[in-house]
1. I need the full set of residues from the stretch 28-42 which are modelled with pLDDT of 70 or more and either part of a strand (DSSP E or B) or closer than 13 Å to Thr6 by Cα (or both), in order please.
2. Taking interchain pairs and intrachain pairs at least six residues apart, which have beta carbon atoms under 9 angstrom, with the first residue in the stretch 50-62 and farther than 22 Å from Glu39 by Cα and the second of a type in the set (A, V, I, L, M) and surrounded by fewer than 12 Cβ atoms within 10 Å (Cβ to Cβ)?
3. Pick from the stretch 3-20 the residues that are of a type outside the set (Val, Ile, Thr) and in a loop (DSSP other than H, G, I, E, B): which of them is nearest to Gly38 (Cα to Cα)?
4. Hey, can you tell me all the residues within the stretch 43-67 that are more than 12 Å from the chain's Cα centre (by Cα), modelled with pLDDT under 85 and assigned to a helix (DSSP H, G or I)?
Amino acid sequence: KMLFDTTTQVSRKYGALEMESSMHSGMMPGHTYYVIDGEGILRFVFDDPKMGVRNDMIGQETAKLSG
């Protein structure tokens, strides 16, 4: 599953609003990617201040969970 945090609720919980990629520090998330497994364990974090779309990288990380 993929989450786009339009309400910032999840970003606040994980501290993403204070990361380098945050668009407006404390208010809006930037491009921070989290991969969380089915048991709720955080497996991967990538904060991208260049604001890239990293579909390939995220796909590789999620594939590790099923492999």
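The values are calculated or read from the model by the stated rules, or taken from the named source; none is laboratory data. Predicted model, so just to flag it, every value in this text is computed and none were measured. Neighbour counts are summed over all protein chains in view; Cβ atoms, including those assigned to glycine, are modelled from backbone coordinates with ideal geometry.
1. Residues of the stretch 28-42 that are modelled with pLDDT of 70 or more, as a first pass: 31-42.
Of everything in the stretch 28-42, those that are modelled with pLDDT of 70 or more and either part of a strand (DSSP E or B) or closer than 13 Å to Thr6 by Cα (or both) turn out to be His31, Thr32, Tyr33, Tyr34, Val35, Ile36, Leu42.
2. Met51/Met23
3. Filtering the stretch 3-20 down to residues of a type outside the set (Val, Ile, Thr) leaves 3-5, 9, 11-20.
Subset that is in a loop (DSSP other than H, G, I, E, B): 3-5, 14-15, 19-20.
Values: Leu3: 14, Phe4: 18, Asp5: 18, Tyr14: 17, Gly15: 21, Met19: 25, Glu20: 27 Å.
Top of the filtered list is Leu3.
4. If the condition is that a residue be more than 12 Å from the chain's Cα centre (by Cα), modelled with pLDDT under 85 and assigned to a helix (DSSP H, G or I), then Ser66 is the only one that fits.
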